[in-house]
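The values are calculated or read from the model by the stated rules, or taken from the named source; none is laboratory data. Since this is a predicted model, take the numbers as computed values, not measurements. All Cβ positions, glycine included, derive from the backbone under ideal geometry; neighbour counts span all protein chains shown. Protein only, heavy atoms only, side chains kept; ligands, DNA and RNA dropped before computing areas. Shrake-Rupley method; radii C 1.70, N 1.55, O 1.52, S 1.80 Å.
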Amino acid sequence: MGGNPSKAEPTSKGREPDFTRFKARVDHVKIGGLGRTQDDYVQRAARHLFNARNFQEVIIETANVKDELLRLGIYKNLRIKIDTSKGKEATEYGYSVAFEGDELTRITGSVGVEVGQNDGAATTELVTPNIFGRGEKLSLNYSHSYVRNSVLNLRFTKPYLHTAVGDYDPETSITLFKNSSPSPWSKYRTEDTGMLLDFSFSLPALNFSNSLQYELGIKELFAMDKQTPFFVREHNGPKLVSTFRYIGQFEGRDDNVFPSSGAFVKGTMELIGSRLSQTGIVRQDVHAELNVPLFLGLSMQLCGRVGLTMYDRKKETLPINQLFFPGGPQTLRGFEIAGACPRRDGVAAGCQSYWATGLHLWAPLPFNQYFGGFGNLFRTHAFYNLGTCDSFTTDKLRSTAGVGIAFRMGQKARIEFNYCQPLSYEAGDRVVKGFQFGIGYEFL
């Protein structure tokens with residue numbers, strides 16, 4: 001029927017055939033291997049296949065549909081078969097496309113490792129996917145980290161990818177959680193128990209994602225030991241906390257770990273109160289990044305981060321766990337974690353505002369081509385970090401210069417091993433002169 005793409009010959013040695021020369025359209029699409037999944041949940045995924053006008057477009061759209069079906073979270077694996085259309089309804093250039101796969105089992109599980117900010121955690125998860133046939137998921141997750149953070153979550157997720165607004169990835173979820181995390185720099189520990197409601201969606205044309213959240217729970221602070229000072233102990237005890245939160249993120253980089261071009265912006269805004277109808281604390285945090293390619297594999301990176309907490313003294317007191325604690329390999333290198341903020345009674349007292357920036361010159365390893373693909377996991381950089389707290393001026397500046405090497409861990413995290421030379425700091429700051437190790441997914 002029409003031209004046969006399988007008989008196309010390359011026009012020259014090493015050149016692929018041009019499948020756009022062959023007229024084609026899709027007459028039939030079959031999505032098989034489904035048992036408990038509702039038909040309307042998968043039908044929308046194949047809608048663009050019927051717009052193909054040549055065989056090249058059929059191949060491209062088929063691959064896109066496969067990715068879309070896997071994204072629905074219902075298949076364990078998926079196979080594709082493209083054949084000429086047969087039967088009474090077959091057209092002259094018609095093809096039929098069949099997707100066959102195996103649905104995920106009723107219960108799945110995983111055990112793995114997650115990377116946090118200067119921390120690593122062992123995680124285990126049990127999931128019941130596609131509960132009601134439209135991608136609904138119930139998951140139970142537990143993680144315990146190297147620094148003794150523990151997280152226990154029970155989460156129900158409902159996507160809306162099959163609806164008219166499916167292109168915007170809308171999703172709702174409700175989470176019951178119990179978290180415990182120590183803050184050794186201020187000698188207290190926090191335990192959170194509560195519920196989180198979340199509605200998220202994206203704007204693909206703008207590479208922008210949004211999350212609207214409401215959190216209600218009990219936050220309780222504990223003294224870590226007998227040396228915990230009184231100004232920290234006065235925040236101890238359980239408190240009802242109601243939080244409205246918005247998270248917006250623009251992702252325009254060419255790579256999450258070692259970007260060489262593009263920009264990234266992430267902002268978080270929280271309205272916090274001790275009553276459902278009263279919010280007396282506003283907390284904002286913004287991280288921005290700009291990458292510019294240079295020459296010979298070099299790239300320039302400029303990062304910035306700003307945090308601000310405001311509160312109404314008539315409505316709320318400001319607990320210590322709502323303050324900022326700048327310092328450490330993810331913020332101001334050359335300082336210990338929480339080592340670049342005011343101190344009181346021998347511990348970090350935190351700050352209500354801070355700003356910090358970083359300038360980097362990134363480069364591949366010397367003679368990188370001789371290491372094969374392994375060499376692409378490494379980058380070297382020279383950096384300069386600058387920032388201060390409780391002021392948006394240049395008073396009481398902290399700054400550090402240095403060089404280091406970074407190693408990629410997967411698609412989101414990296415390890416840094418830097419030699420740091422603090423250039424300016426305040427009395428009482430905890431500085432790191434020499435080598436500093438850092439691991440995480442968001443660096444300054």
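Odds and ends about this structure:
- Of the residues contained in the range 263-275, one or more are found to be modelled with pLDDT of 95 or more, of a type in the set (V, I, T), under 27 Å from K178 (Cα atoms) and open to solvent by less than 40 Å² (accessible area, probe 1.4 Å).
- Meets criteria (within 15 Å of L386 (Cβ to Cβ) and in contact with a Phe, Trp or Tyr (Cβ under 8 Å, 6 or more places away or on another chain)) for R333: yes
- Qualifying residues in the range 166-189 (those that are closer than 22 Å to P129 by Cβ and among the hydrophobic types (A, V, I, L, M, F, W, C)) - the one most open to solvent (accessible area, probe 1.4 Å): L176
- Long-range neighbours under 7 Å by Cβ, at least six apart or interchain, first residue within 19 Å of E57 (Cβ to Cβ) within the range 21-46, second in a helix (DSSP H, G or I) and open to solvent by 50 Å² or more (accessible area, probe 1.4 Å): V26/F50
- Residue in the range 287-296 that is over 20 Å from the mean Cα position of the chain (by Cα), crowded, with 16+ Cβ neighbours inside 10 Å and closer than 26 Å to Y441 by Cβ present: no
- Residue within the range 97-107 that is among the β-branched types (V, I, T), buried (at least 16 other Cβ atoms within 10 Å of the Cβ) and either within 20 Å of the chain's Cα centre (by Cα) or farther than 30 Å from G32 by Cβ (or both) present: no
- Pairs linking a residue in the range 84-106 that is touching a residue at least 12 places away in the same chain (Cβ under 8 Å) and assigned to a strand (DSSP E or B) to a residue that is surrounded by fewer than 14 Cβ atoms within 10 Å (Cβ to Cβ) and among the small types (G, A, S), with Cβ atoms under 7 Å and 6 or more positions apart or on different chains, are A98/G32; F99/G32; E100/G32; E103/G35.
- Of the residues making up the range 387-404, one or more are more than 16 Å from C341 (Cα to Cα), of a type in the set (V, I, T) and without any contact (Cβ under 8 Å) to a residue 40 or more places away in the chain.
- Scanning the range 44-76 for residues that are open to solvent by 50 Å² or more (accessible area, probe 1.4 Å), of a type in the set (A, V, I, L, M, F, W, C) and closer than 21 Å to T108 by Cα yields a count of 1.
- Residue selected from the range 332-347 under the condition assigned to a loop (DSSP other than H, G, I, E, B) and among the charged types (D, E, K, R), by the criterion farthest from F383 (Cα to Cα): D345
- In the range 386-396, of all residues being at pLDDT 90 or above and out of contact with any Pro (no Cβ under 7 Å at 6 or more places or on another chain), the one that is nearest to N368 (Cα to Cα) corresponds to L386.
- Options L221, L240; residue that is assigned to a strand (DSSP E or B) and open to solvent by 50 Å² or more (accessible area, probe 1.4 Å): L240
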